[in-house]
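Structure first, then comments.
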Amino acid sequence: MGRVRRLPADLINQIAAGEVVERPASVVKELAENSVDAGATRVTVRLTRSGCGGITIIDDGHGMSREDALTSLERHATSKLLDSDGLFHIMTKGFRGEALPAIASVSRFTLVTSEPGATSGTRLSIEGGGAPVVEDAPAVGGTRIDVDDLFFNVPARRKFLKREATELLHCEDAITRLALAHPEVGFSLEHEGKEIWASPPSGAEPMQRAIAVLGKEAAPHLLTIEERRLGLTVTGFIAAPEFTLSNARGLMTFVNHRYVRDRGLTSAIQRAYQDSLPPGRQPVALVFIELDPRAVDVNVHPQKLEVRFADPRSVQEAVGAAVSVALKAAPWRQGGERGPETPQVQAQYAQAIERFLARAQGAPAFLEPATGLALDQSLSRPSFGTARPTLDTAPSRGYFGALRFLSVLARRFWLTESPAGSLVIVDPRAIDERVIWSALATRFQKGTLASAERSLFSARLELPPTERDRVLGAAPALLEVGVEVEDFGKGSVSLLRVPAELEHVDPSSWLVEAAAAADASARIGVMARRAGLRADVLVTHDQAQARLAALDDVAAQVHAHATRVVVRDLPLLDLEG
Ligand SMILES: Nc1ncnc2c1ncn2[C@@H]1O[C@H](COP(=O)(O)OP(=O)(O)O)[C@@H](O)[C@H]1O
Ligand SMILES: [Mg+2]
């Protein structure tokens, strides 16, 4: 007989358990994830001695037939992966088919399960591996798993367990992380018969889940983040810098509803907070990234705690941007924003600004994008001073570059001063819109817009049938302006390519409108307007000056197509008089 032999199945499972089951919290994580994968709406976790004594997980998911339950205890048995192609479309927590046999090989394991509507169920029991004992059981409307005396047959492992308090903390973390990734599922965690954490299903109000995890104290400090890019969405909740922690426990990242640890993502968040945190403090940030599953490999870590992105830089960049934008716009920064950038705003200006703001607050259209008209109407009420608006229908060349940037107004406009001594309020979004319009139009005329490269991510958009037909019907016309769409089936369209200026703009905000537009010029108009709405309003003095100057190069060319740049031009003489 040769020296090389196959290992017995039980030993294989125990070896696997070494990777997958490190501590009670690993069991809690794997089993609760299975419950979520099984479509549970409620998951209850009961622990004794911090999970070292016993772990019970009860769910109301789809359960298993007897045959499936038996198979589920075999190594590499899973219902979640069919072929290697599926490996690049993973949306479930599990897919490796390792957890149940591994856990059963290092504990006293009992599984009771029944399928919906079944009148009876199945009980399978295993002690430290081997074949299960099969019994009939009452129907439980889901699955209940008891894992007692973890590592009873692997004393070396047991020694590595930390103090029970520490193990309990890990179990809590496992549940709260899963709960954050799945606000639609209700969770309850009990220890020694007492509920220590619980949160009802909060799918409609994910912030409630965030507060349930971070604590009520965090609530008043939370800001919502949201960044939509082609094929990539970043959402979540971050705390303003006055609410920090001494460790990084409040900094959590999720990818496609899976908690992951990722140095690059963490650094991107920390960088965004950079100057605003006191030394030695860590930010609180719950960041949820969703992207095409093909753009992220989840199969790089036995506990699936790490992932590999096809394009880590753009993911980090989007996360950084999401956090920075929210921090910049946060109310607590307003005072600071105006500080250093604001030269001595003259007394007359201050008065005019105050009235402008008072007017603006009464006008709901004020913050609405693309409502140039409504905005102007609200501003030209007779009570607003004596100044007459002068509009930039035909600005002279060099007009914008000559404006001197003074300050940001209401986090929406720029306050500038013209050489002629008037106070000119400009709309930075309109500036960006014009510059982008001009760039797109120029490439269109040269014929290079239609031949741009495909981007790495493709976005999928679900649309109502009429809109989908309209978009697909306009495919050739969209291609002319650099937008490539394709029927994805199942009521959605794929977006394979967009001009670079649009890559960071949520396609659902412009695609249908662009498809419906009359001609290429109108389509470019729609895209430019949407892209312009993302203009960075809170800028440094130099950035504002540079953007005003850039506008001079294109102003005359595009004024007919664009939203108005000069919102108000108030001659100082009028203000004095
Ligand atoms: N709570 C549960 N409810 C229903 N089915 C379950 C449950 N837990 C496990 N299963 C079934 O058992 C299979 C094996 O589970 P597991 O060993 O964790 O591997 P994986 O989750 O990677 O598929 C799952 O694919 C699933 O079909
Ligand atoms: Mg699993």
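Counted by Cβ distance under 10 Å from PHE160, the other residues give a net charge of +4, where Lys and Arg count +1 and Asp and Glu count -1.
Among the GluC sites (Glu not before Pro) within segment 185-222, which fall in a DSSP loop and have no more than 12 other Cβ atoms within 10 Å of their own Cβ?
Working: sites: GLU190, GLU192, GLU195, GLU217; in loops: GLU192.
Of the GluC sites (Glu not before Pro), the ones in loops of segment 185-222 whose Cβ has at most 12 other Cβ atoms within 10 Å are GLU192.
The reciprocal of the average 1/r between distinct C-alpha atoms defines the Kirkwood hydrodynamic radius, which for segment 62-162 equals 14.6 Å.
The simple spin-label model puts a point 7 Å past each Cα toward its Cβ; for ARG5 and LYS194 those points are separated by 5.1 nm. Calculated over segment 9-199, the projected area of the Cα convex hull averaged across directions stands at 10.4 nm².
Couplings 3J(HN,Hα) of segment 250-266, computed from phi: x, 10, 10, 10, 10, 10, 6, 6, 10, 5, 9, 9, 8, 3, x, 5, 4 Hz, in residue order, whole Hz [Karplus 6.51 cos²θ - 1.76 cosθ + 1.60, θ = phi - 60°; x for Gly and Pro]. Please compute the length gained on full extension between ASP536 and ARG49, using 0.36 nm multiplied by the number of residues separating them and subtracting their Cα-Cα distance. That pair, ASP536 and ARG49, stretches by 170.0 nm at full extension.
Every number in this text was worked out from the coordinates using simple rules, so none of it is lab data. As the structure is a prediction and not an experimental result, all values here were calculated from the model. Please note: Cβ atoms are built from the backbone with ideal geometry, for glycine as well, and neighbour counts cover all protein chains shown.
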